[in-house]
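The values are calculated or read from the model by the stated rules, or taken from the named source; none is laboratory data. Owing to the predicted nature of the structure, the values given are computational and were not obtained by experimental measurement. We place every Cβ from the backbone using ideal geometry, glycine too, and count neighbours over all the protein chains shown. Keep in mind that these areas ignore ligands, DNA and RNA; they rest on the heavy atoms of the full protein, side chains included. Shrake-Rupley method; radii C 1.70, N 1.55, O 1.52, S 1.80 Å.
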Amino acid sequence: MSLHDAYHWPSRTPSRKGSAIKLNKTLLDHLKELEFQFTVPTDLLKRVTERFVSELKRGLTTQPGDIPMIPTWVTSCPDGSETGSYLALDMGGTNLRVCEVDVQGNGKFDIIQNKYRMPQALKTGTREELFDYIATCVKKFVEENHPEGDKKLEIGFTFSYPCKQASIDDAVLIAWTKGFDIDGVEGESIVPLFSDALKRVGCNNVTLNAVLNDTTGTLVASNYTKPGTEVGVIFGTGCNACYIERFDEIPKLHGYRLPADMSMIINCEWCDFDNQHVVLPRTKYDLAIDADHPRPGLQTYEKMIAGCYMGDILRRILLDLHENGVMFANQDVTKLRDPLAMDTSVLSMIEVDPFENLDETEQLLENTYGLTTTEEERHLIRRTCELIGTRAARLSACGVCALVLKTKKQSMMIGTDGSVYNKYPHFKERLEAAFKEVLGEEVGGKVITTPAEDGSGVGAALVSALQAKGKALTKEALDKVRK
Ligand code: GLC
């Protein structure tokens, strides 16, 4: 029996009214093949989640596993009494921001900020170029907003890459993610790299007092404005989550004399889930993305679900269709061959094309890639975008459901941020539908994602405030409680 004979159309409802597709046999056969590869049925979602739960647990022990479950040393969320002015630096995948946050207590704050686009070349340049660029942005901000020049300022750094943290004021990069590939940073603490750069550019009145992940900032900032929030998730260029765990549930930290009922935010760094390839249904496109990646074998989960890769998945499918003689016959596909040619916004635009003949998609493909398409082909392309976007949302849901199951909660409030969550059409609905499939209507319906307050800015400032109150543990504080 061929793959196609075995194929059943997925029973999910289409994402919009009127997306019924009439395709010729060749296009339909290829679509069925893609449907087969990209559809994740409920029982598989449940299996992925089950495996996820056991990997989350393993990560809290000293046994080797895929998910590192990194202690952040932030031992409390804000209680509303935090006040003061703090600098925050946010290095995400796309932008760099320098902010000053006036924390006013009881969920209130004011923020001023400068935003800079990270030049693409910096992502693969030298480490000095990267850190000098960051330090120069900080210097400009400080000169503009503190012209007096001699005031000592402390800065919290949201560095959204997987780091081992021995304390709140230290962070050693494990591996670059999100398209960065700079020698001499992996395995190094970013604290001296950044502090030295501040000195090099002559920014002498700023010191780094806290390093945090964007998920931690998201959780802390969301908890500040919506008390009761227990999880922070980013669905963006990268994908990751953090949550609050009791100290006695973290066996790998038993070398510290800390109260058993104390809690700590754990940064899951779940991008590496299933690097062992036990459960995730990888397609040949996922395998190809991995093989061509500077870190093959790593970040298996993220490569299937994050904004950094969704465009590339579509690009590879389109090239494959071309090479199989299905589309763009006798056309020049050179532009499509550029690995950076397609980002996730292309899928978003195609998914929301309001015209029955997919006129906007036609313009987009023609103007950006010089490709002409028939209406039928565009329907196949749109359906492909739906498949990629739906798979991303459904597999993303597994990580969240695993946190619900691991913590044995019957409901969960999740501070959520990231471009995919905020901008990708239908992502939230698809995510929520999958919560219910995995956890059941009752509990799944009480897993609530809400758009986070600016986690990387406000969150970093709040973590600085917590550090000042002794609730985010520094190296000095930890030296006193090490057994
Ligand atoms: C990547 C990074 C992680 C970050 C996430 C969201 O997965 O490794 O640290 O939290 O992207 O930005």
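For region 327-354, give me the residue count where each residue is open to solvent by 70 Å² or more (accessible area, probe 1.4 Å), within 15 Å of Thr373 (Cβ to Cβ), in a loop (DSSP other than H, G, I, E, B) and in contact (Cβ under 8 Å) with a residue 12 or more places away in the chain. Of the residues in that region, 1 qualify.
Reported count of residues in region 426-483, each being in a loop (DSSP other than H, G, I, E, B) and farther than 20 Å from Lys406 by Cβ, is 10.
Any idea which of Ile67, Ile111 is farther than 30 Å from Asp150 by Cα and β-branched (Val, Ile, Thr)? After ruling out the rest, the residue left standing is Ile67. The residue of region 214-239 that is farthest from the ligand (Cβ to nearest atom), among those that are open to solvent by 10 Å² or more (accessible area, probe 1.4 Å) and polar (S, T, N, Q), is Thr225. Take the conditions touching a Ser or Thr at 6+ places or on another chain (Cβ under 8 Å), touching a residue at least 24 places away in the same chain (Cβ under 8 Å) and open to solvent by 20 Å² or more (accessible area, probe 1.4 Å) and apply them to Asp181. Does it pass? Spelling it out, Asp181 is indeed touching a Ser or Thr at 6+ places or on another chain (Cβ under 8 Å), touching a residue at least 24 places away in the same chain (Cβ under 8 Å) and open to solvent by 20 Å² or more (accessible area, probe 1.4 Å). Checking every residue in region 345-360 against the condition of being of a type in the set (S, T, N, Q) and within 21 Å of the chain's Cα centre (by Cα) gives at least one match.
If you go through region 241-259 and pick out every residue that is open to solvent by less than 10 Å² (accessible area, probe 1.4 Å) and either within 16 Å of the ligand (Cβ to nearest atom) or out of contact with any strand residue (DSSP E or B) (no Cβ under 8 Å at 6 or more places or on another chain) (or both), you end up with 3. In a residue-by-residue description of region 154-176, the property of being open to solvent by 10 Å² or more (accessible area, probe 1.4 Å) and more than 22 Å from Cys242 (Cα to Cα) applies to at least one position. Go through region 394-411 and give me each residue that's of a type in the set (Gly, Ala, Ser) and in contact (Cβ under 8 Å) with a residue 60 or more places away in the chain. Residues satisfying the conditions are Ser396, Ala397, Gly399, Ala402.
Pairing each residue of region 155-170 that is away from the ligand (no atom under 13 Å from the Cβ) with any residue that is open to solvent by 10 Å² or more (accessible area, probe 1.4 Å) and among the aromatic types (Phe, Trp, Tyr), provided the two are 6+ apart or on different chains, yields C-beta distances under 7 Å for Gly156/Tyr86.
If I ask for residues that are open to solvent by 60 Å² or more (accessible area, probe 1.4 Å) and out of contact with any helix residue (DSSP H, G or I) (no Cβ under 7 Å at 6 or more places or on another chain), which ones from region 361-379 would you list?
Once the filter is applied, which keeps residues that are open to solvent by 60 Å² or more (accessible area, probe 1.4 Å) and out of contact with any helix residue (DSSP H, G or I) (no Cβ under 7 Å at 6 or more places or on another chain), region 361-379 yields Gln363, Glu366, Asn367, Thr368, Thr374, Glu375.
Of the numbered criteria (1) surrounded by fewer than 17 Cβ atoms within 10 Å (Cβ to Cβ); (2) polar (S, T, N, Q); (3) within 16 Å of the ligand (Cβ to nearest atom), the one Asn205 fails is (3).
If I filter region 80-98 for residues that are outside any loop (DSSP other than H, G, I, E, B), aromatic (Phe, Trp, Tyr), crowded, with 20+ Cβ neighbours inside 10 Å and touching a helix residue (DSSP H, G or I) at 6+ places or on another chain (Cβ under 6 Å), do I get at least one hit? There is at least one residue in region 80-98 that is outside any loop (DSSP other than H, G, I, E, B), aromatic (Phe, Trp, Tyr), crowded, with 20+ Cβ neighbours inside 10 Å and touching a helix residue (DSSP H, G or I) at 6+ places or on another chain (Cβ under 6 Å).
(1) within 12 Å of the ligand (Cβ to nearest atom); (2) modelled with pLDDT of 95 or more: which one isn't true of Arg295, the others all being true? Evaluating Arg295 over (1) within 12 Å of the ligand (Cβ to nearest atom); (2) modelled with pLDDT of 95 or more leaves (2) as the failure.
When Thr216, Thr237, Thr229 are checked against the criterion of being polar (S, T, N, Q) and not in a loop (DSSP other than H, G, I, E, B), Thr216 stands alone in meeting it. In region 282-298, is there at least one residue being outside any helix (DSSP H, G or I), among the charged types (D, E, K, R), touching a residue at least 40 places away in the same chain (Cβ under 8 Å) and under 22 Å from Thr177 (Cα atoms)? So far as region 282-298 goes, yes, one or more of its residues are outside any helix (DSSP H, G or I), among the charged types (D, E, K, R), touching a residue at least 40 places away in the same chain (Cβ under 8 Å) and under 22 Å from Thr177 (Cα atoms). Just one of the numbered conditions (1) within 16 Å of the ligand (Cβ to nearest atom); (2) of a type outside the set (Ser, Thr, Tyr); (3) farther than 30 Å from Val206 by Cβ is not true of Asp417: (3). Kindly indicate whether any position in region 101-115 is surrounded by 15 or more Cβ atoms within 10 Å (Cβ to Cβ), modelled with pLDDT of 95 or more, under 30 Å from Lys252 (Cβ atoms) and of a type outside the set (A, V, I, L, M, F, W, C). No, every residue in region 101-115 fails to be surrounded by 15 or more Cβ atoms within 10 Å (Cβ to Cβ), modelled with pLDDT of 95 or more, under 30 Å from Lys252 (Cβ atoms) and of a type outside the set (A, V, I, L, M, F, W, C).
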